[in-house]
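See below for the structure under consideration.
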């Protein structure tokens, strides 16, 4: 260990039930570096850092802080050692103010009156020093994702951390916001902070990190200096030997030939001027027009919460259309209920798999037929043919590589990735005119992501339409024929494959239309 | 093997709660072994004891199903008591108003009157849930208290039997009485109805498409709704079915046991039904077996109070403890 | 005028069980523990409070016993749901059953079955000097038993604690988003235990109020659904101390009204007046439940290591 190293984890092991999440993992962090922790989903990155932050207990291994062995029982101990963590899903209380969120858990000077001038002053100083601009008295619920991230970073800085862990911090940021984040990370590192940067995005670590550690399936594969290694080395480390990188879509570099729009052919799916006004009277979709041809994959890009969920649910008939018209195969389906839609040709992979797509208390077989349960061959309309259902379930468990003890296994026993596989199997197992897939690869490791892409391209070849709503811009660029960008419930632009450009899409994602680039300067911090 | 594995935690839970309650009984100065042998074997010592157990089984299994069917759809029906009373009132009113009808007409009408009245009592919270999104737990409970006042009104009002010391209506027509298998002790045919209902519930929930939708709704209403199941209708249906079955139990009490409406006839069947349903972990297939076991304990409890002067509530505590230990066995297995 | 003064006086007198049970429910709920055993806990409080008062001759000891029994139920609820992560509602029901059974079992064992129930002295009124002699307001507000005053003081105290102290902020954070609280070093387990135990003590005390003020004795099922009404009240009051205090005035007013009209007599059969509190509560639920603010994590168990991907 060199004297620059301030933190070291050695031989850390963690087991969840039957699965080994971390197997003898070693990790070290130097003063004032950005250390990338790279790996696909399920590699154990977050688990490792949750152990460091005291949220999980390790089963084996040691943590050394400045060469001394430390014992972290809970987040309180980690905070005391100067460790802070920004979680991927922000840990904030929606109906508390920014100030309350930041000071929660710290000792307040006037703890029996809650007069907090001293605390406010300290936070405002930090805001100034690191260029983080937040109004302390607003409620968290009303803030944008970008601002909430600033609050999260402020929380750590307020506690005087010198080690900051960021878990997938670029999720839901536009490319421009990502650049701004990277800049302020540099400011912090120059200030003496050490940063652990967890991500599954190779390009991000390559652009911002000083050193990179790669994890795969709970083992650490390698740690390398950024300048000493090439992209290929990291790719191979991330996916292992089994995956065929040459033919993968995930790592594909050449431009796939895009769909040729035959004008003589009517669109398979067509929505014109569709609006949706929610229960509180707030318009969530405004005048959305979008069509998808047979054999086309249309992507929808946008920062989460700009109407993507409503779009998916409008198309699948989960929520009613307020105005406008929707055609599927030239048939008006504007007011068709979703029971009918699932019968006649729509498949759906919802974004929030746990809440919207899965029955944790039911078994795997019952989960796989959800939505198809009134159709042949699963049911004659009155009785369910469990024999057929179980036979099909066994086949799908094999094909989609779902790790489960069998069709009768309770859904709640499955891991996140396997739940996602169940949803994917359900959506692809029945032929459908239109597939609506919302963040379909979230939580999957890279080979599984590739599997989903192959399946989608196969649909494309077979002439079916696909609507891919994703917050992962790289994913959209990889396989879509066209990308529509949604902002505050409006489609701001639709780009064909030849015009795909990350920054152009990013501008649209933050609501800046091409015509007036003048506002662009202001939007970038 | 699997049955043994499944039954073992139940067995251990029973043993554990008997030990816990046994200590308490001993501390009170009673003979523990005498108490337990009375509780456990009264049902099997005499034919009368066994018939009493079968008779107890009827309202218990129906009350338990009135709880577990809505539970299958994820809804808690804590209103079985009110629904049973409503069913009893419905059955009694029909049985008194049309008392001269022959049995082949009056008996079905009495039973149907109970079922419909119970269903209506279940429909009120269902409607409140459907229309205003009001949690069914509180509304079903509160309607129990409303039903308690209602039965008092009926039993002291126009249909009152002035000769009775306790609030009671006059008898229903003889045509509305459930036929008896034997006269002494009276053993009515309600057991057949209860078994048919239990089988019907099993077929519906485990085999049919509608039953699948009920299960899916209970497993995750949001996901079920996203994939085309009309969950709010399933909620209403489940509470309606629960109310109907609880109403049926009230009708059987009137047509089979009392032949009139008596205030207090609902006994503590609902609470026992909840305990049975929870011990069975909401599984409709297991409910009849647990209900039978609880019926044994209940018959034993009355005998114990008569012969040993130990209050029946002691057995009620034992039953609640069995529930607690069964729930605990899940935790142990999880670890 | 006298009728109105008397009515308002009775409203204040009868609000106490609602206030105490409502605040007890609220306190546990603010850390996410949803108690549904109130009815059983109040019955045990009533039963035990009565028995201890009867045998010790001290109403104060009776209150302490009732609070201890409630605290014990609260501890059990916290243990089963926080340490063992069992379903809150199911455990609540099980505790409710045990409470119902115990409340009748205890008097039967200790006193035996008697025809004339033994009586305890009811709580005396404490007239507040000067204030109680103000015309109209004096008799309505300042001539009550000690628990009337205590219930108001407890409500205001809880409000101050929850919204004006650091510990209160921490407690509320546990019921909103325990993972956030936990990640910042707030002890979620401790908060859940203490809030449920103290909440339980308040619920136990609210049960003891019934024999100590109304009847002087314990009768089977004497709580008459007030425990369940307290849950409705807590929702009605948005899980916040002061609205719960004012909401209990409404619940109490309906109860007193139903009772007064029964005594005076009306064209309606008295049974329909008995239904009034329950039906009124359902109507209140229709009107207010949509807007009710509920702790985000109410009824859920927090497991730090459970991976919720």
Practice prompt. Name all residues of segment A:417-453 having a backbone nitrogen under 20 Å from the label point set 7 Å from the Cα of residue A:395 along its Cα→Cβ direction, giving them as ranges.
Written response: A:421-433, A:452
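Over segment C:9-92, consider all pairs of different Cα atoms and compute the Kirkwood hydrodynamic radius from their mean reciprocal separation; express it in Å, one decimal. Mind showing how you got there, number by number?
Working: mean 1/r = 0.0728 Å⁻¹.
Evaluated on segment C:9-92, it is 13.7 Å.
Treat the count of other C-beta atoms within 10 Å as a stand-in for reagent exposure and order C:298, B:261 from fewest to most. Kindly include the intermediate steps, with their values, before the conclusion.
On the way: C:298 18, B:261 30.
Listing C:298, B:261 from fewest to most nearby Cβ atoms yields C:298, B:261.
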Discussion item. Using a 10 Å cut-off around each Cβ, can you sort B:120, B:275, A:195 from fewest to most neighbouring Cβ atoms?
Written reply: B:120, A:195, B:275
Fill in: chain A: C-alpha gyration tensor shape, a/c 1.5 cut-off, then a/b vs b/c
prolate
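At 0.890 mPa s and 25 °C, plugging the Kirkwood radius over alpha-carbon pairs of segment C:2-223 into Stokes-Einstein gives what diffusion coefficient in µm²/s? Please list the in-between numbers first.
Numbers: Rh = 18.3 Å.
Estimated diffusion coefficient is 134 µm²/s.
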Fill in: Percentage relative contact order, chain A, counting C-alpha pairs under 8 Å, at least six apart
15 percent
Discussion item. Based on Cα coordinates alone, diagonalise the gyration tensor for segment B:1-136, multiply each eigenvalue by 5, take square roots, and list the semi-axes in whole Å, largest first.
Written reply: 37, 24, 15
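Can you tell me what percent of all Cα-Cα pairs in segment A:35-165 are more than 23 Å apart?
Values: 3301 of 8515 pairs.
For segment A:35-165, the fraction of Cα-Cα distances above 23 Å is 39 percent.
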Worksheet item: Across 10 Å bins from 0, what is the distribution of all Cα-Cα pair distances for segment B:243-286, in whole percents?
Response: 25, 47, 24, 4
Discussion item. For residue B:180, project a label point 7 Å along Cα to C-beta. Then give me every residue of segment B:43-66 with its amide nitrogen under 17 Å of that point.
Written reply: B:47-56
Discussion item. If I stretch the segment between residue A:117 and residue A:461 completely, what's the gain in nm (0.36 nm per residue apart, minus their alpha carbon distance), one decimal?
Written reply: 117.5 nm
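If r is the Cβ-Cβ distance from residue C:115 to residue B:34 and R0 is 30 Å, what FRET efficiency results, to the nearest 0.05?
Working: r = 28 Å, r/R0 = 0.94.
Calculated transfer efficiency: 0.60.
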Response to the item:
Placing each pseudo-label 7 Å from Cα in the direction of the beta carbon, residue A:31 and residue A:513 end up separated by a distance in nanometres of 5.4 nm
Fill in: Sequence-separation-based contact order of chain B, relative, with Cα cut under 8 Å and 6+ spacing, percent
34 percent
Item to complete: With everything on Cα atoms, drop me the angle between helix A:416-429 and the longest principal axis of chain A, reported from 0 to 90° to the nearest 10.
Response: 10 degrees
Practice prompt. On a 0 to 90° scale, report how tilted helix A:446-461 is relative to the longest principal axis of chain A, with both axes built from alpha carbons and the result rounded to the nearest 10.
Written response: 20 degrees
Discussion item. At a 10 Å Cβ-Cβ cut-off, how would you order B:260, C:192, fewest neighbours first?
Written reply: B:260, C:192
Worksheet item: Over the Cα atoms of segment B:221-335, what Rg and Dmax result, in angstrom?
Response: 18.0, 59
Practice prompt. State, as an integer percentage, the relative contact order of chain C based on alpha-carbon contacts under 8 Å between residues 6 or more apart.
Written response: 36 percent
Worksheet item: Using the Cα atoms as the points, what is the convex hull volume per residue of the protein assembly as shown in Å³?
Response: 207 Å³
Worksheet item: Which values, in whole Å and largest first, are the semi-axes of the equivalent ellipsoid of segment A:117-228 obtained as the square root of 5 times each eigenvalue of the Cα gyration tensor?
Response: 28, 16, 13
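Can you order the peptides A:469-478, A:365-374 by their average number of other Cβ atoms within 10 Å per residue, highest first?
Working: A:469-478: 20.6, A:365-374: 24.0.
Going from most to least packed, we get A:365-374, A:469-478.
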Response to the item:
If each part is reduced to its alpha-carbon centroid, segment B:138-154 and segment B:282-335 end up apart, in Å, by 26 Å
Discussion item. From the alpha carbon gyration tensor of segment A:314-448, can you work out the equivalent ellipsoid semi-axes (sqrt of 5 times each eigenvalue) and give them in Å, largest to smallest?
Written reply: 26, 18, 12
Discussion item. Can you tell me the orientation of helix A:117-130 relative to chain A, as the angle in degrees between its alpha-carbon axis and the longest Cα principal axis, to the nearest 10?
Written reply: 70 degrees
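What shape does chain B have by the C-alpha gyration tensor, where a ≥ b ≥ c are the square roots of the eigenvalues, rounded means a/c under 1.5, and otherwise prolate means a/b greater than b/c and oblate the rest? Walk me through the numbers on the way to the answer.
Working: a/c = 1.71, a/b = 1.04, b/c = 1.64.
Here chain B falls in the oblate category.
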Fill in: Where labels lie 7 Å past Cα in the beta-carbon direction, separation of residue C:84 and residue A:403 in nm
3.1 nm
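Assuming 0.36 nm per residue, please report the length gained on full extension of the stretch residue A:388 to residue A:107 beyond their Cα-Cα distance.
Numbers: separation 281, 0.36 × 281 = 101.16 nm, distance 6.16 nm.
Value of the extension gain: 95.0 nm.
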Worksheet entry | Largest-first principal axis extents of the Cα set of segment A:397-457 (Å) | 30, 24, 19
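Mind checking the alpha-carbon convex hull of segment A:398-511 and giving the volume per residue in Å³?
Details: hull volume 14.4 nm³, N = 114.
Value for segment A:398-511: 126 Å³ per residue.
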Response to the item:
What one gets for segment C:149-304 as the Kirkwood radius, inverse of mean 1/r over different Cα pairs in Å, is 17.7 Å
Discussion item. Kirkwood Rh over alpha-carbon pairs of segment A:358-430, then Stokes-Einstein at 20 °C and 1.002 mPa s: what D in µm² s⁻¹, rounded to an integer?
Written reply: 179 µm²/s
Worksheet item: For segment A:477-515 and segment B:1-49, what is the separation of their Cα centres, given in Å?
Response: 71 Å
Worksheet item: Roughly how many nanometres apart are two label points built 7 Å out from the Cα toward the Cβ at residue A:454 and residue A:77?
Response: 4.5 nm
Discussion item. I'd like the distance separating the alpha-carbon centroids of segment A:43-62 and segment A:167-215, in whole Å.
Written reply: 20 Å
Item to complete: Along each of the three principal axes of the Cα atoms of segment C:56-154, give the extent in whole Å, ordering the values from largest to smallest.
Response: 54, 39, 21
Worksheet entry | Diffusion constant of segment A:5-239 at 25 °C, which comes from Stokes-Einstein with the Kirkwood Cα-pair radius and 0.890 mPa s, µm²/s | 133 µm²/s
Worksheet entry | Mean Cβ neighbour count within 10 Å, used as a protection proxy, ranking B:80-88, A:269-277, B:237-245 highest first | B:80-88, B:237-245, A:269-277
Worksheet item: Given a Förster distance of 41 angstrom, what is the FRET efficiency for residue A:203 paired with residue A:322, based on the Cβ-Cβ distance and rounded to 0.05?
Response: 0.55
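No value in this document is a laboratory result; all are computed from the given coordinates. What you see is a predicted model; the values in this text were computed from it and never measured. Backbone-built Cβ (ideal geometry, glycine too); neighbour counts: all protein chains shown.
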